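First up is the structure itself, then whatever we jot down about it.
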Amino acid sequence: MAGQLTRARRSVFAVHPARTLVMAFAAVILLGTFLLMLPVSSEDGGPTGFVTALFTSTSAVCVTGLVVVDTGTYWSGFGEGVILALIQVGGFGIMTMASLLALLVSGKLRLRMQLTVQAETKSLGIGYVRRVLLGVAGTTLAVELAVGAWLALRFRFGYDRSIADSAYSGLFHAVSAFNNAGFGLHADSLTPYAQDPWVTLPVALAVILGGLGFPVLLELLRHRTRRRLTGRRNWTLHTRMTLVTTAVLLLTGMLFTCLLEWGNPGTLGPLDWGQKLLNGFFHSAMSRTAGFNAIDIGAMEPSTLLMTCTLMFIGGGSAGTAGGIKVTTFAVLAAAIIAEVRGEPNSTVMGRRLAPHVLRQALTVALLAVGLVIGATLALLTVSSAPFEGVLFEAVSAFGTVGLSTGITADFPDSGRFVLVLLMFVGRLGPVTLVSALALRERTRRYQLPEERPVIG
């Protein structure tokens with residue numbers, strides 16, 4: 001009897017890995033808020049208000065990029081360093097980094113820690129966690145250092161900036177790009193480099209790699225050697241779905257951006273055709289949750305803003321630095337629609353049948369996301385006089401952890417900023433993760449109810 005009571009007590013107070021993720025992200029956000037409120041964090045040496053510090057910390061940890069004050073002029077070197085650290089921790093994953101530290105210190109991973117990291121990295125099995133952790137760390141450092149070095153050389157020799165400034169700016173933008181954060185050191189983001197492919201293309205490459213998701217990147221690296229030996233490409237369905245859907249969305253976004261903005265004097269109009277294609281591709285890549293912009297978002301056509309909202313809502317790959325409902329969720333829903341239109345009993349993708357629970361998960365994520373964005377948009381419209389398209393764009397950008405803005409972020413009152421903070425927090429963790437974190441326990445129904453078919457449509 002005593003043993004049963006002890007097990008029951010442990011089951012009540014045991015922390016679900018998803019709940020641990022939520023608490024860890026919240027704790028880091030609060031720590032970042034405290035550090036940014038310190039006088040040493042601001043350029044003028046004065047204290048920063050709680051709402052401004054909380055908003056900036058949440059945006060950094062959730063790798064969003066929305067700001068209410070200019071990063072390069074308001075924050076001091078210490079403040080910018082805090083933001084950069086929060087971006088790195090948020091992109092890398094709170095539990096991933098904690099588990100990596102535990103691995104380095106003790107060389108072992110406890111079962112609970114492995115379960116927590118599995119929830120963060122979406123690894124397929126507990127036995128792969130150690131490999132995933134080391135792979136994530138190596139991939140992150142390699143991409144950030146390579147892109148940072150390239151940007152530093154370009155800033156140094158292409159724009160005649162000092163060595164220290166070039167190195168710092170290159171590293172800052174590389175970390176921000178790979179983590180899909182969108183924080184920049186210029187008030188106008190990357191618009192000064194709109195005509196420079198040596199800056200925009202490396203940033204876009206880092207954004208795309210970070211947005212693919214760590215499982216895909218690790219599989220690509222792992223199978224590169226195998227293909228060299230066997231001559232065959234053996235990718236999983238998840239990797240193939242992510243790569244194909246990402247490529248389709250990138251090309252579609254580029255096409256629509258160029259078509260809709262080709263003659264707009266405020267965006268692509270003054271550029272030649274090569275620069276228009278470059279910036280169309282760059283905007284399409286940034287809409288996948290990166291947040292940098294090389295053309296003025298506020299000057300875009302309403303149709304382009306709507307198309308961008310669609311891309312931001314879909315987001316990038318699972319278990320990466322991107323937000324949104326994820327490309328695999330979008331692909332699964334598209335496969336279900338095609339199967340239903342064709343009258344087929346099962347949804348299939350690339351020669352594989354999708355399990356029913358996968359479709360239920362995709363529907364849950366998508367519908368929760370739609371409801372959250374609609375609710376947040378209504379709340380923002382209530383407390384703000386901004387136009388509807390701007391408010392909707394802001395809400396989708398916050399939920400998708402994108403960071404693109406039409407320029408109205410700082411105009412929201414504190415109540416509106418709290419709404420955006422909640423959107424960024426939920427968007428980073430994912431609706432399903434947050435709901436499962438709040439659930440006390442999982443229940444399994446051991447019986448089935450009688451089947452009935454209501455009228456649909």
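The values are calculated or read from the model by the stated rules, or taken from the named source; none is laboratory data. Because the structure is a prediction, the values reported are computed rather than measured. FYI the Cβ positions are ideal-geometry reconstructions off the backbone, even for glycines, and counts take in every protein chain you see. Side chains are part of the model used for accessible areas, which takes the heavy atoms of the whole protein and leaves out ligands, DNA and RNA. Shrake-Rupley method; radii C 1.70, N 1.55, O 1.52, S 1.80 Å.
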(request) Starting with the highest mean, order 63-71, 180-188 by the number of other Cβ atoms within 10 Å, averaged over the residues of each peptide. (result) 63-71, 180-188
(message) Explain nothing, just compute: Karplus ³J(HN,Hα) = 6.51 cos²θ - 1.76 cosθ + 1.60, θ = phi - 60°, for every residue of segment 270-286 in order, whole Hz, x for Gly and Pro.
(response) x, 8, 6, 5, x, 5, 5, 5, 4, 6, x, 5, 4, 5, 4, 5, 6
(request) Based on the mean of other Cβ atoms within 10 Å per residue, sort peptides 316-324, 151-159 so the most packed one is first. (result) 316-324, 151-159
(request) Name the residue farthest towards the positive end of the dipole of segment 158-289 from the options 250, 217, 179, assuming +1 on Cβ of Lys and Arg, -1 on Cβ of Asp and Glu, about the Cα centre. (result) 217
(request) Can you tell me the order of 404-411, 384-391 when each peptide is scored by its average per-residue count of other Cβ atoms within 10 angstrom, highest first? (result) 404-411, 384-391
(message) What is the percent carbon and sulfur in the accessible area of segment 219-322, measuring with a 1.4 Å probe over the protein chains and ignoring ligands?
(response) 63
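Which of the three applies to segment 152-295, rounded, prolate or oblate, going by the alpha-carbon gyration tensor with a ≥ b ≥ c and a/c under 1.5 meaning rounded?
oblate
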(request) Please give the solvent-accessible surface of residue 422 in Å², to the nearest 10, using a probe radius of 1.4 Å with every protein chain present. (result) 100
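Averaged per residue, what accessible surface does segment 197-349 expose to a 1.4 Å probe, in Å²?
With all protein chains present, segment 197-349 gives 43 Å² per residue.
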(request) Can you run the Rg to Rh ratio on segment 273-328? Use alpha carbon positions and the Kirkwood inverse-distance Rh. (result) 1.00
(message) Kirkwood Rh and Cα-based Rg: tell me the resulting Rg over Rh for segment 294-412, rounded to two decimals.
(response) 1.06
(request) Would you mind classifying segment 160-216 by shape? Square roots of the alpha carbon gyration tensor eigenvalues, ordered a ≥ b ≥ c; an a/c under 1.5 is rounded, otherwise it is prolate if a/b is larger than b/c and oblate if not. (result) prolate
